[in-house]
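Asks: Before we start, here is the structure in question, set down as structure tokens.
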Amino acid sequence: MTISGAPDPEDARDRAAAGAHDGTAVSVADAPRPLPRGSALLARLDVAADRFGRLERALTRPHVRRRLEVGAPVAILAIAALLRLTALGHPHILVFDETYYAKDAWSTWQLGYEGEWAEGSDERFEAGDAGGLTEVADYVVHPPLGKWIIGMFMGAFGVVDPVLWRLPTALAGIVIVGLTYAISRGLTRSIAFGTLAGLWLAIDGFAIVMSRTALLDTILAMFVLAGAGALLLDRRGSPTRTVRAIAARRRRFGAAMWSRPWIVVAGVLLGAACATKWSGAAFIAAFGLWTVIMDALDRRRAGFRHPWIGTLLTQAPTSFVLLVLPAIVVYVASYAGWFDGGWGSQAVLEDPALRWTGMLAWVPLGLQALWRYHAQQLGFHVGLTSEHAYESPAYQWLWLGRPTAFEMGTGSEGTWWITALPNLVVWYAAVVALAYLIYRLGRHLDRRAGFVVVGVLAGYAPWLAFPDRTIFFFYAIVFLPFLVIGLAIALQALVGPRSRRADDVPTALELDLARSMGEADCWTAEREALQRRAAGWVAISAIVLLSVVALAWYAPVAYGIELPAAEVRFRYWPPTWP
């Protein structure tokens, strides 16, 4: 209360703040005191939160959202294509294991199987001459589908340029980026976080190098990620199917569901992964188990009696047939050319002593030969212990103990390397995010976290079982997309959800007015959530900026750009490498 006729101290402060335009003198004591440093920082944060809120509301308008739905994936795919297709023919040599897979791919398209090559065939092949190929079958240790894919453009245009044997894996790398965006977009239900996942994979040096080299692992990763995505599409309608099964049957213990086409699609895709490399089998087992667990959880939620036992006895065998049978068909079909002359394909036909007897005598001789061939391949894979300069046991992968150097060379201006080195910012952030998702899975049974953890473990854990085998870090490309998706999910949890009332979040001024009238309680939580989202996106922006800087810095060792030796050494990772 102020006394009538006495000057109002609030008015004096107002006039002081306004500059005392009415000519009244204002003492220093009447001038406003500067805000404490902490209060000034909070004021700046309030301003930043207000700006973020306006931006957030603008981006969620229907017409803007529709444009982002199309524009975001197109932009991500364009970036991925640019980084993978630029100068794809460099270097004009067989890089690393291209000496096996590029030549085997050509042989597969010419003979239907992998043939032996004469001495000096590498140099001739690099020059566009494939005359070193013979019709003598060669012993190889990987299934043929990946080589059929690598050779598709050579089969049409010849071996005149390295672009022709690298283009299929480059296209597979672009597809992986698109799948990463789509899966992350579906799991997070956010264009923004789907875009982050796609962008980080698009600019990852490891993914770029693998896409620009004709190896099997990029094709394996494409089929694995596509198969996992198909199982997510199956999950999209699973709760509804479960409820309908309850309504259709009085005895709810059973109710196996056969009409699940996306599991069949997943079986085809994961079978193609196995037909590229045997490590795809781990994903069939891991995601098959994941599907069974998700079905049991759906049944428990829907009120089934004994949901776990019922799932194991009814739905699990059904899902096994739907998933594994198509995978087996695709895998065996990939050997169609091998049956007509591949290494070991005629052994059982020529030697009756090798044929099965008794209850297995009915098995076709070609399949018996294929089984025998696989037993020999298994012995090779388990017993591979030869030393290599860039071998890296699986326990070193998470901290990047030994990235794989694919190739190096020297020139007039220095040296160049091509190294399968991930984007360090993204990789280490994703490893931390993986630990957080494991925690969320154990504490909250987070199904999204479970999907990511299953994908990473399926690609990583099997290699831990063979510590003495010759293993390379580049095998990790198969679970890199899952790591990036996990990073997007973890960051979304950090930022927090955008509530349905987010469009009505008050500004800082409006909140102050509401507080003065005792009406701020209903808005305080919304305001705090907005501030949290703003701070979270500041952190995400910093990660994006640093990841782009890392891409630019390490680009020379992804593209084989010649630099002085001292400058190349600054790009070694770890610093003690090589």
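Asks: Among the residues of the range 442-453, write down those that are part of a helix (DSSP H, G or I) and touching a helix residue (DSSP H, G or I) at 6+ places or on another chain (Cβ under 8 Å).
Replies: Passing the criteria: Arg447, Arg448, Ala449, Gly450, Phe451, Val452, Val453.
Asks: Quick one: Ala435 ticks every box in (1) touching a helix residue (DSSP H, G or I) at 6+ places or on another chain (Cβ under 8 Å); (2) more than 17 Å from Ser190 (Cα to Cα); (3) among the aliphatic types (A, V, I, L, M) bar one, so which box is it?
Replies: Going through (1) touching a helix residue (DSSP H, G or I) at 6+ places or on another chain (Cβ under 8 Å); (2) more than 17 Å from Ser190 (Cα to Cα); (3) among the aliphatic types (A, V, I, L, M) one by one, Ala435 breaks only (1).
Asks: If you don't mind, another one. Taking the criterion of being surrounded by 18 or more Cβ atoms within 10 Å (Cβ to Cβ), part of a helix (DSSP H, G or I), touching a Cys at 6+ places or on another chain (Cβ under 9 Å) and not acidic (Asp, Glu), would at least one residue in the range 293-312 satisfy it?
Replies: Among the residues of the range 293-312, not one is surrounded by 18 or more Cβ atoms within 10 Å (Cβ to Cβ), part of a helix (DSSP H, G or I), touching a Cys at 6+ places or on another chain (Cβ under 9 Å) and not acidic (Asp, Glu), which makes the answer no.
Asks: I'd like the residue in the range 92-151 that is of a type in the set (D, E, K, R) and open to solvent by 50 Å² or more (accessible area, probe 1.4 Å) and, out of all such residues, is farthest from Leu384 (Cα to Cα).
Replies: Asp129
Asks: Another question, then. How about the range 319-378: which of its residues are among the aromatic types (Phe, Trp, Tyr) and open to solvent by 70 Å² or more (accessible area, probe 1.4 Å)?
Replies: Scanning the range 319-378 gives Phe320, Trp343, Trp356, Trp362, Trp371.
Asks: Separate question: Taking the range 192-202 as the region of interest, how many residues are among the aliphatic types (A, V, I, L, M) and open to solvent by 10 Å² or more (accessible area, probe 1.4 Å)?
Replies: 3
Asks: Now, a different point. Here are some residues: Met222, Met210. Which one is modelled with pLDDT of 95 or more and in contact with a strand residue (DSSP E or B) (Cβ under 7 Å, 6 or more places away or on another chain)?
Replies: Step by step, each of Met222, Met210 is checked, and only Met210 is modelled with pLDDT of 95 or more and in contact with a strand residue (DSSP E or B) (Cβ under 7 Å, 6 or more places away or on another chain).
Asks: So which of Pro403, Pro393 ends up being in contact with a strand residue (DSSP E or B) (Cβ under 8 Å, 6 or more places away or on another chain) and open to solvent by less than 40 Å² (accessible area, probe 1.4 Å)?
Replies: One residue alone meets the criteria, Pro403.
Asks: Right, another one. Pick from the range 535-557 the residues that are in contact with a Lys or Arg (Cβ under 8 Å, 6 or more places away or on another chain) and open to solvent by less than 30 Å² (accessible area, probe 1.4 Å): which of them is nearest to His388 (Cα to Cα)?
Replies: Val557
Asks: Does Phe466 qualify as being under 30 Å from Pro91 (Cβ atoms) and over 13 Å from the mean Cα position of the chain (by Cα)?
Replies: In short, no.
Asks: Show the residue pairs that are 6+ apart or on different chains and have beta-carbon atoms under 7 Å apart, the first residue being within the range 91-114 and in contact (Cβ under 8 Å) with a residue 12 or more places away in the chain and among the polar types (S, T, N, Q), the second being surrounded by 24 or more Cβ atoms within 10 Å (Cβ to Cβ) and assigned to a helix (DSSP H, G or I).
Replies: Thr108/Lys147
Asks: A follow-up question, please. Check whether at least one residue in the range 138-153 is within 24 Å of Leu85 (Cα to Cα), part of a helix (DSSP H, G or I) and either basic (Lys, Arg) or at pLDDT below 95 (or both), and report yes or no.
Replies: Scanning the range 138-153 turns up at least one residue that is within 24 Å of Leu85 (Cα to Cα), part of a helix (DSSP H, G or I) and either basic (Lys, Arg) or at pLDDT below 95 (or both).
Asks: What residue, of Val454, Val348, is closer than 30 Å to Ile183 by Cβ and touching a residue at least 24 places away in the same chain (Cβ under 8 Å)?
Replies: Val454
Asks: Related question: Suppose we filter Ala281, Ala286, Ala316, Ala302 for residues that are out of contact with any Lys or Arg (no Cβ under 7 Å at 6 or more places or on another chain), more than 30 Å from Tyr113 (Cα to Cα) and free of Cβ contacts under 8 Å to residues at least 40 places away in the same chain; which single one remains?
Replies: The match here is Ala316.
Asks: Scanning the range 454-478 for residues that are in a loop (DSSP other than H, G, I, E, B) and out of contact with any Phe, Trp or Tyr (no Cβ under 6 Å at 6 or more places or on another chain), which turns out farthest from Phe223 (Cα to Cα)?
Replies: Among those that are in a loop (DSSP other than H, G, I, E, B) and out of contact with any Phe, Trp or Tyr (no Cβ under 6 Å at 6 or more places or on another chain), it is Asp468.
Asks: If a residue must be open to solvent by 10 Å² or more (accessible area, probe 1.4 Å) and more than 23 Å from Arg65 (Cβ to Cβ), how many such residues does the range 208-231 contain?
Replies: So the count comes out to 4.
The values are calculated or read from the model by the stated rules, or taken from the named source; none is laboratory data. If you're wondering where the values come from, they're calculated on a predicted model, not measured in any experiment. Reconstructed Cβ throughout: ideal geometry from the backbone, glycine too, with neighbour counts over all protein chains shown. Each accessible area value is taken on the protein alone, full model and side chains, heavy atoms only, with ligands, DNA and RNA left out. Shrake-Rupley method; radii C 1.70, N 1.55, O 1.52, S 1.80 Å.
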